[in-house]
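Accompanying notes for the structure given below.
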Amino acid sequence: MAETPRDAVIIGGNRIPFARAHGAYAKSSNQDMLTSALNGLVARYGLQGEQLGAVAGGAVLKHSKNFNLVRESALGTPLDPKTPAYDVQMACATGTEAIGSLANKIKLGQIDSAIGGGVDSISDAPIVVSDQLRGILMEATRAKTAGQRLKALAKIRPAHLAPQAPGTGEPRTGLSMGEHMAVTANKWGITREEQDELAVASHRNLAAAYESGFFNDLISPFKGLSADNNMRADSSVDKLAKLSPVFGKDLGESATMTAANSTPLTDGASAVLLGSEEWADAHDLPKLANFVDYEQGAVDFVDGAEGLLMAPTYAAARMLKRNNLTFEDFEYFEIHEAFASTVLAQMKAWESEDFCRDVLGLDKPLGSIDRSKLNVNGSSLAAGHPFAATGGRIVATLAKLLYGKPGKRGFISVCAAGGQGITAIIEGR
Amino acid sequence: MNEPIRIPLPKLSRLYQKAGLDAVRSKLASAGRLTAFPEQSVVADHPGISDDQAEQYRRLLGGEAFDKAHRLSLPSVLLHIAGFPVQMALMSRDAFPLPLMGMVHLSNEVLHSQPVGAGTPLQILARADHFAPHRRGTQADVIIEIYPAGMDIATAGPADCLYSSTSRYLGMGTYLFPKEEGSSSPREDFTPPPKTALWTLGSDAGRQYAAVSGDYNPIHLSGVTAKALGQKRAIVHGMYLAARMLEGREPESAGHRWDITFEAPVGLPGKVAFAAEQVDEKTQQFVGWDPRKGRRHFSGKLALP
């Protein structure tokens, strides 16, 4: 990549433990959780009263009353209220996009400091009234006379009163993300065994990272939780082999995706502190790593030309080319485990000579990724995946891994609904 | 062809009442033999599909708004809906030899030559053709041709036709030809391809499409009304499936051809697994099936100009 005017430095991160849906955080709102994650970050880095360049983030499932979710959350912290804050939305890549674009602003000199992150709650999902009922209520609102209003309201039928929860299906295909992934996994011949192995590795790596104290300065407790409660340190391939498939069941014997090798629905929030080198030094803050570059990708998934969660494979090819890097130049790989098969399908695609030549237009395959460098401190299968909070979890984890390893690089891949995704490069300091 | 008979745009509710009566008194002249194929066509003026109806259709099927700047051309199935009452009027004429009740929609083939926007007045012509034996009765093609209002149809050429559709129907149990013995063809094996979509149809899918199309055939409305007509449960309109198959794929400038062949009906509520496959640059093929039983509901094709 062309020389940028200055580095965007990752200073640190904070998240609340991720909780399985309808559990520990059942009564917490997105704003509660994001405020808590921000408060932890502010406390850790002494940002009380500080006016930052910007706070950006978002939530995938958001109440309409939370139109200014991030600003409202930031106002609930000791940050200077003159700190601008805004919402970003790119499905599961929301957090990564927020952090990436803030890093760009820092590089350009537009701002000197920023917090990027995200939050999501399944337990407090925005339930809305049906389209029919909303139409009638709006008609009644527009009515000029009591008679007109009554006439509109008289159209309400019992069936209109059923509340509607946000679906997990892709709007244009009606297929859930898991069903989409099942088609892709089948196409790439991803086996049940390799998915279960990846899931077990995720739990073991996360548990080991907790054990070693890695997360001590990355997590602050919330509502009685001090660690991700989806984690199963004693997970084993034998145990996982007993589970029945939950996605792609119409594939019969070829169905491979279970509740254990798919990410559970989770509540949680995360935040990452970024700054210019000068700003970090002036505030006597650590400089863990540089946020070097990031790339968005999108694929044509609607009629199945490409798998829903395969966009990062394309983004990676462009990003690596622009930076004149190969996979061999990376010390760590953080590939978001939406499903175990998502990680495996992306890696198979990068290994495939045909795919890399014919689809990505590369001279040779991007190559294989050494498993000992992959998600070394666990990923979403173990930690959980509160959609918009995942980017912040990954960036903070990877930056800390690279701290003290100047010039060593980390690779990030995050897939997202709507056939989109982001890849990013981080470099240790 | 004889000069078409000009009729006022029919009301579907009246035609369904008449169909009920026809079901009671046999349409056949005597001994179930066809005396003459009807050569008569009918034509009706249509004031144009209203903005309201186009919006209702869009709310049901999805897609971008008909803003008349970037999206003006109405979907093919909406033109079929406009032509359907005329088609029904032809089929409920005494000269039409098959009873309307018990008629099964087998397939549909469409050439959508020109874009038609909401509010454009039209002439809709319906005629019947290709009566042929079928192992379960008699099949017939009912053809709809849509022309601009005011055009002299007698001198109109194929280039003047905005839209033409051939609906193949089966008059179940009405044998106008000698019954063919042992002609039942073995069912073709079907292996579902990887699905690209899943349609979840509620128990009200038939009522919703009826509200947009005006096709209140009781077989689509509820379990009770469907049972009265011999179905186990309500089934969705075949053209609703065609509409979903085509949604988002029809070109704004028209000129496309498409077809759909119906197999097992879709019971309500139900799920339809769907796969779209690119055959070549201009052609897509589609198939819909029951994700549990693996039975095929329909297959179709879309060819861009």
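A:Tyr210 meets all of the listed conditions (1) among the hydroxyl-bearing types (Ser, Thr, Tyr); (2) under 22 Å from the mean Cα position of the chain (by Cα); (3) over 15 Å from A:Ser379 (Cβ atoms) but one, namely (3). Determine whether the stretch A:102-116 contains at least one residue that is of a type in the set (Val, Ile, Thr), touching a residue at least 40 places away in the same chain (Cβ under 8 Å) and surrounded by fewer than 24 Cβ atoms within 10 Å (Cβ to Cβ). Scanning the stretch A:102-116 turns up at least one residue that is of a type in the set (Val, Ile, Thr), touching a residue at least 40 places away in the same chain (Cβ under 8 Å) and surrounded by fewer than 24 Cβ atoms within 10 Å (Cβ to Cβ).
Residue-by-condition table, conditions (1) touching a Gly at 6+ places or on another chain (Cβ under 6 Å); (2) in a helix (DSSP H, G or I); (3) within 19 Å of A:Leu288 (Cβ to Cβ):
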residue	(1), (2), (3)
A:Arg6	no, no, yes
A:Asn14	yes, no, yes
A:Pro17	no, no, no
A:Lys27	no, no, no
A:Asp32	no, yes, no
A:Thr35	yes, yes, no
A:Gly46	no, no, yes
A:Glu50	no, no, yes
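Please verify whether B:Ser164 is in contact with an Asp or Glu (Cβ under 6 Å, 6 or more places away or on another chain) and more than 14 Å from every other protein chain (Cβ to nearest Cβ), treating the condition exactly as stated.
yes
The condition of being in contact (Cβ under 8 Å) with a residue 12 or more places away in the chain, more than 23 Å from A:Val359 (Cα to Cα) and not in a strand (DSSP E or B) holds for only one of A:Leu285, A:Leu274, A:Leu325, that being A:Leu285.
Each row is one residue, and each column tells you yes or no for (1) touching a residue at least 12 places away in the same chain (Cβ under 8 Å); (2) within 14 Å of chain A (Cβ to nearest Cβ); (3) of a type outside the set (Asp, Glu).
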position: B:Ala226; (1), (2), (3): no, no, yes
position: B:Gly230; (1), (2), (3): no, no, yes
position: B:Met245; (1), (2), (3): yes, yes, yes
position: B:Arg257; (1), (2), (3): yes, no, yes
position: B:Phe262; (1), (2), (3): yes, no, yes
position: B:Pro265; (1), (2), (3): yes, no, yes
position: B:Pro269; (1), (2), (3): yes, yes, yes
position: B:Phe286; (1), (2), (3): yes, yes, yes
position: B:Lys301; (1), (2), (3): yes, yes, yes
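If B:Ala140 satisfies every condition in (1) buried (at least 22 other Cβ atoms within 10 Å of the Cβ); (2) within 24 Å of B:Thr225 (Cβ to Cβ) but one, which is the exception? Looking at each condition in turn, B:Ala140 falls short on (2).
For the stretch A:182-211, how many residues are of a type in the set (A, V, I, L, M), away from chain B (no Cβ under 12 Å), part of a helix (DSSP H, G or I) and surrounded by 18 or more Cβ atoms within 10 Å (Cβ to Cβ)? Break it down stepwise before answering.
Kept after step one, since they are of a type in the set (A, V, I, L, M), are these residues of the stretch A:182-211: A:182-183, A:185, A:190, A:198-201, A:206-209.
Narrowing further to those that are away from chain B (no Cβ under 12 Å): A:190, A:198-201, A:206-209.
Narrowing the set further to residues that are part of a helix (DSSP H, G or I) leaves A:198-201, A:206-209.
So of that shortlist, the ones also surrounded by 18 or more Cβ atoms within 10 Å (Cβ to Cβ) come out as A:198-201, A:206-207, A:209.
So the count comes out to 7.
Taking the stretch B:200-232, which residues are part of a helix (DSSP H, G or I) and of a type in the set (A, V, I, L, M)?
Of the stretch B:200-232, the ones part of a helix (DSSP H, G or I) are B:205-213, B:218-220, B:223-228.
The answer is B:Ala205, B:Ala210, B:Ala211, B:Val212, B:Ile219, B:Val224, B:Ala226, B:Ala228.
Of the residues B:Ala276, B:Ala254, B:Ala264, only one is closer than 26 Å to B:Glu55 by Cα, part of a loop (DSSP other than H, G, I, E, B) and not hydroxyl-bearing (Ser, Thr, Tyr); which? Don't jump to the end; show me each part of the working.
Details: B:Ala276 fails: part of a loop (DSSP other than H, G, I, E, B); B:Ala264 fails: closer than 26 Å to B:Glu55 by Cα.
Within the list B:Ala276, B:Ala254, B:Ala264, the selection yields B:Ala254.
Of the residues A:Gln132, A:Gln48, A:Gln89, only one is within 14 Å of chain B (Cβ to nearest Cβ) and touching a residue at least 12 places away in the same chain (Cβ under 8 Å); which? Just one listed residue meets the conditions, A:Gln132.
When the stretch B:235-251 is filtered for residues that are outside any loop (DSSP other than H, G, I, E, B) and either aliphatic (A, V, I, L, M) or in the same structural domain as B:Val110 (by TED's automatic domain parsing) (or both), the ones remaining, listed by number, are B:Ile235, B:Met239, B:Leu241, B:Ala242, B:Ala243, B:Met245, B:Leu246.
Filter the stretch A:288-306 down to the residues that are assigned to a loop (DSSP other than H, G, I, E, B) and under 24 Å from A:Gly174 (Cα atoms), then identify the one that is farthest from the other protein chains (Cβ to nearest Cβ).
Among residues in the stretch A:288-306 that are assigned to a loop (DSSP other than H, G, I, E, B) and under 24 Å from A:Gly174 (Cα atoms), the one farthest from the other protein chains (Cβ to nearest Cβ) is A:Val299.
With respect to B:Glu277, determine if the residue is more than 20 Å from B:Leu78 (Cα to Cα), within 14 Å of chain A (Cβ to nearest Cβ), in contact with an Asp or Glu (Cβ under 8 Å, 6 or more places away or on another chain) and among the acidic types (Asp, Glu). Break it down stepwise before answering.
On the way: more than 20 Å from B:Leu78 (Cα to Cα): yes; within 14 Å of chain A (Cβ to nearest Cβ): yes; in contact with an Asp or Glu (Cβ under 8 Å, 6 or more places away or on another chain): yes; among the acidic types (Asp, Glu): yes.
Criteria met by B:Glu277.
A:Leu309 passes every criterion in (1) in a loop (DSSP other than H, G, I, E, B); (2) more than 14 Å from chain B (Cβ to nearest Cβ); (3) surrounded by fewer than 23 Cβ atoms within 10 Å (Cβ to Cβ) apart from (3).
Residues to consider are A:Leu309, A:Leu320; find the one that is under 16 Å from the mean Cα position of the chain (by Cα) and over 24 Å from A:Asn39 (Cα atoms). Please lay out each step first, then the result.
On the way: A:Leu320 fails: under 16 Å from the mean Cα position of the chain (by Cα).
None of the other options fit; the residue is A:Leu309.
Taken together, the criteria place A:Asn261 among residues that are at pLDDT 95 or above, in contact with an Asp or Glu (Cβ under 7 Å, 6 or more places away or on another chain) and more than 12 Å from chain B (Cβ to nearest Cβ).
Quick check on my filter: what residues within the stretch A:97-134 are modelled with pLDDT under 95 and assigned to a strand (DSSP E or B)? Correct list: A:Val128 only. Looking at the stretch B:96-156, the strands (runs of 3 or more DSSP E) lying wholly inside it that each contain 3 or more residues that are free of Cβ contacts under 8 Å to residues at least 60 places away in the same chain and in contact with a Pro (Cβ under 9 Å, 6 or more places away or on another chain) sit at B:137-148.
Name the single residue, out of those in the stretch B:38-86 being in a helix (DSSP H, G or I), surrounded by 21 or more Cβ atoms within 10 Å (Cβ to Cβ) and in contact with an Asp or Glu (Cβ under 7 Å, 6 or more places away or on another chain), that is nearest to the other protein chains (Cβ to nearest Cβ). This residue is B:Ser76. Screening the stretch B:189-221 for residues that are facing chain A (nearest Cβ under 10 Å) and among the β-branched types (Val, Ile, Thr) and picking the one that is farthest from A:Gln132 (Cα to Cα) gives B:Thr196.
The values are calculated or read from the model by the stated rules, or taken from the named source; none is laboratory data. Small disclaimer: the values here were computed from a predicted structure and weren't measured. With ideal geometry, Cβ positions are generated from the backbone for all residues, glycine too; neighbour counts draw on all protein chains shown.
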